[in-house]
Amino acid sequence: MISTESIIYCVNPDCQQPINSATDSVCASCQTPLVHRYLWAKGKVAAKVPVGMKVGNRYEVIKPQVWLDTQPGLLPTIPSELPQQAIAYLRLYPEWLHIPQPYGIVSLGEAEGEDIWLLENVPIDETGNLYPTIVDVWEQATATRQIYWLWQMIQLWTPLSELGMAKSLLLSNNLRVQGWCVKLLELDDSPNSEQPSLEDLGRLWQTWLTTANTAIAPRLGKIVQQMLENQADYQAITTQLNELLLATAAELPLSLEVAGATDPGLVMPQNEDTCYPCDDVDNSLLPYLAIVCDGIGGHAGGEVASQLAVQSLKLQVRALLTELAEQREILTPDLLQQQLTAGLRVVNNVIWSRNDEQKRQGRERMATTLVMALQVPQRVTTISGQYAENTHELYLANVGDSRAYWITHQYCQLLTIDDDLAMREIRSGRNLYRQARQRPDAHILIQALGTKEAESLRVATKRLILEEDGILLLCTDGLSDNHLVEQFWRDYAIPVFMGKLTVQTAAQAWVQLAKEKNGQDNASVVMIFCRVRPQALVPVIEDELLPATIENEQTAITVVETADQAPAESLESELALTLVEESPETEAAVETLDEDFTTQAPTPTQLSHTKKLALLGGVLVLLLGGISLGLFAWWRFYPQSFHNTCRQLPPEIQQLCSRQRKEMQ
């Protein structure tokens, strides 16, 4: 039937008056945030359903094939036996950033024939509009972003080919982009006797070559030519594309600002969380490393596990950065991800061995979740022939249910997948996402550091290229529970982008929010503010948007330009690591515990008084027309940003920059 009024139901099952206008953001009755879940209706039958029609007295068609679920609190209709086309989506769940997921089915009646599959996690924004296709925005994109999109496509080629879905990457209208991220509208599961090849992908890319950024077009053209050859070498193509991506990204300036905060919450006096930076006075690995851990195992267990994880991982990262400082060749993403996984397996065995030393059994054995970010400062020759100290690569790794989010001015993206029972059911092809989340044990962890033998540990790793200003938010479930990040990201991120809040204050405010909304648990946050534009020499003036006084938090902040040299310190470890045979009990699911302990807070690291005065002096003199002192302040405290920015200018201006720098010295 045709809808006369757009309504939406509150998801709160206890709400007495759940019906609201679809234009509202919160329930008028109980003030619960309203969920506007936009779905993609798959297939030719769905394409014929007129806009304005309400299907099954539940789904409102707001645009062709874009349907709004007006009763998002109810489980959709799910067939008792999932067809192969649905299972293919589930098996691709590790690629969920790029691949949609089946939501449920709806029938238009026997006269219309087949059921319509609805997809969620689709490239549709929060107002119901489809994200643009690559073709729509290709010409306006930067050189780095163009290559980044192509890199993501070729990374998806193998998993899609293995399931016979590679054709999905050849349909221009199917390739959507949310900022840096390539997203497929749907999987093409139409019958096809012959699977596409890299040559077919090369033909698609060839159509984009004429409008590619002139800085990358020649090298990209050579890569495409290789793809068009018979028996194209996939490995060689990905290697060359990666080198072009890193050389292009390195043309951009990069600065990182890091801050962390943690709080035990309102219920338990103990804090089992540990994060870096926050409770560690050692800032030698900043700004490259950020870690958040949530300990499991109760007082004198969980807190020990999380502290062991952070300290042990710092040793592993210091060794890796030392190796990179001596490396003259680019290490591939696969190799770096393998090294991260190997390092976390060592950390796993540190905790495992401590459990054995203390004769802990069953649920007495301590463990910890972990999410980490490592910005890898590899050296590279840029596409303009300049030498750069940083390739702008950032690697994520996570075990358990601590999370990472990427936040820009426009959107908030969850980057990680929780290691819980619900995810295991989805990836095994047994349940759809909404179905799996209905399980009473859905949130029970299936792995954490220290719960199983290292060889059985599955570490999820991901690489990001830092090519836009953004905030990477790492947090424990004390903040991520109840969708707090998705609801409030604008309140805590936008003021940072606008210069109204420091990263330190924002991190503290996130923890305060978690304390108010999820106070039964401890919460930890580490924020990394990533900038690829020159920093303005304007001090941040704190706004009164957020609480000025935040109690019981441990905080640390470091403002650092990406360094020219990676840390090169000798390593000595007193930990003797041995692999222990995994017992049958460790195959059981691990429950998340909510017992915490309080740790000692270090003195916060802040900009020195002298540095602040110099920066302020630079601002004042600039305002009066004295450019030299302003440039001196920029060069003195942000040399890498100064150098990178100069490289972006015309050659004549670069000479002036170089002369100015010499005079300053």
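The values are calculated or read from the model by the stated rules, or taken from the named source; none is laboratory data. All of these numbers come straight from a predicted model, not from anything done at the bench. Positions of Cβ are generated from backbone atoms using ideal geometry, with glycine treated the same way; all protein chains shown enter the neighbour counts. The accessibility values were calculated without ligands, DNA or RNA, using every heavy atom of the protein model including side chains. Shrake-Rupley method; radii C 1.70, N 1.55, O 1.52, S 1.80 Å.
Has the range 409-425 got any residue that is within 18 Å of the chain's Cα centre (by Cα) and closer than 18 Å to Ser312 by Cβ?
Checked against the condition, which is being within 18 Å of the chain's Cα centre (by Cα) and closer than 18 Å to Ser312 by Cβ, the range 409-425 yields no hits at all.
Hey, can you tell me all the residues within the range 343-364 that are modelled with pLDDT of 90 or more and among the basic types (Lys, Arg)?
Passing the criteria: Arg345, Arg354.
Quick one: is Thr332 farther than 23 Å from Ile446 by Cβ, touching a helix residue (DSSP H, G or I) at 6+ places or on another chain (Cβ under 7 Å) and open to solvent by 10 Å² or more (accessible area, probe 1.4 Å)?
Spelling it out, Thr332 is indeed farther than 23 Å from Ile446 by Cβ, touching a helix residue (DSSP H, G or I) at 6+ places or on another chain (Cβ under 7 Å) and open to solvent by 10 Å² or more (accessible area, probe 1.4 Å).
Need the failing condition index for Gly470 against (1) surrounded by 22 or more Cβ atoms within 10 Å (Cβ to Cβ); (2) over 18 Å from the mean Cα position of the chain (by Cα); (3) of a type outside the set (A, V, I, L, M); (4) under 25 Å from Arg145 (Cβ atoms), just the number.
Of (1) surrounded by 22 or more Cβ atoms within 10 Å (Cβ to Cβ); (2) over 18 Å from the mean Cα position of the chain (by Cα); (3) of a type outside the set (A, V, I, L, M); (4) under 25 Å from Arg145 (Cβ atoms), only one is false for Gly470: (2).
Pull out all pairs, ordered by first then second residue, where Cβ-Cβ is under 6 Å, the residues are six or more apart or on different chains, the first lies in the range 1-25 and is within 21 Å of Val51 (Cβ to Cβ) and among the hydrophobic types (A, V, I, L, M, F, W, C), and the second is surrounded by 10 or more Cβ atoms within 10 Å (Cβ to Cβ) and modelled with pLDDT under 90.
Ala22/Ser6
Looking at Thr341 and the list (1) part of a helix (DSSP H, G or I); (2) open to solvent by 10 Å² or more (accessible area, probe 1.4 Å); (3) touching an Asp or Glu at 6+ places or on another chain (Cβ under 7 Å), which single condition is not satisfied?
Thr341 satisfies every listed condition except (3).
Of the numbered conditions (1) open to solvent by 10 Å² or more (accessible area, probe 1.4 Å); (2) farther than 18 Å from Leu445 by Cα, Leu313 fails exactly one; give the number of that condition.
(1)
How about the range 196-253: which helices (runs of 4 or more DSSP H) wholly inside it have at least 2 residues that are surrounded by 17 or more Cβ atoms within 10 Å (Cβ to Cβ) and more than 26 Å from the chain's Cα centre (by Cα)?
Counting at least 2 such residues, we get 198-209, 217-227.
If Asn57 satisfies all but one of (1) more than 32 Å from the chain's Cα centre (by Cα); (2) in a strand (DSSP E or B); (3) not small (Gly, Ala, Ser), what's the number of the condition it fails?
Looking at each condition in turn, Asn57 falls short on (2).
What is the number of the single condition among (1) open to solvent by less than 20 Å² (accessible area, probe 1.4 Å); (2) within 27 Å of Tyr38 (Cα to Cα); (3) of a type in the set (Val, Ile, Thr) that Thr127 does not meet?
Here Thr127 clears every test but (1).
Touching a helix residue (DSSP H, G or I) at 6+ places or on another chain (Cβ under 7 Å), β-branched (Val, Ile, Thr) and surrounded by fewer than 16 Cβ atoms within 10 Å (Cβ to Cβ): does that describe Val45?
yes
Within the range 157-165, can one find any residue that is assigned to a loop (DSSP other than H, G, I, E, B) and either modelled with pLDDT of 95 or more or not small (Gly, Ala, Ser) (or both)?
yes
Let me confirm something: among Gln487, Gln504, which residue is within 18 Å of the chain's Cα centre (by Cα), more than 30 Å from Gly301 (Cβ to Cβ) and not basic (Lys, Arg)?
Residue meeting the stated conditions: Gln487.
Listed here are the residues, each with its yes/no results for (1) of a type in the set (A, V, I, L, M, F, W, C); (2) surrounded by fewer than 22 Cβ atoms within 10 Å (Cβ to Cβ); (3) in contact with a strand residue (DSSP E or B) (Cβ under 7 Å, 6 or more places away or on another chain).
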{"position": "His392", "(1), (2), (3)": "no, no, yes"}
{"position": "Arg403", "(1), (2), (3)": "no, no, yes"}
{"position": "His409", "(1), (2), (3)": "no, yes, no"}
{"position": "Gln413", "(1), (2), (3)": "no, yes, yes"}
{"position": "Ile417", "(1), (2), (3)": "yes, yes, yes"}
{"position": "Asp420", "(1), (2), (3)": "no, no, yes"}
{"position": "Arg424", "(1), (2), (3)": "no, yes, no"}
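Give me a count of the residues in the range 369-390 that are in a strand (DSSP E or B), open to solvent by less than 20 Å² (accessible area, probe 1.4 Å) and not hydrophobic (A, V, I, L, M, F, W, C).
Number satisfying all stated conditions: 2.
Restricting to the range 64-119, name every residue that is within 18 Å of Ser168 (Cα to Cα) and part of a helix (DSSP H, G or I).
Gln84, Gln85, Ala86, Ile87, Ala88, Tyr89, Leu90, Arg91, Tyr93, Pro94, Glu95
Conditions (1) touching a Phe, Trp or Tyr at 6+ places or on another chain (Cβ under 9 Å); (2) farther than 18 Å from Leu370 by Cα; (3) open to solvent by 30 Å² or more (accessible area, probe 1.4 Å), marked per residue:
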| site | (1), (2), (3) |
| --- | --- |
| Asn482 | no, yes, yes |
| Arg490 | no, yes, yes |
| Lys500 | no, yes, yes |
| Ser524 | no, no, no |
| Met527 | yes, no, no |
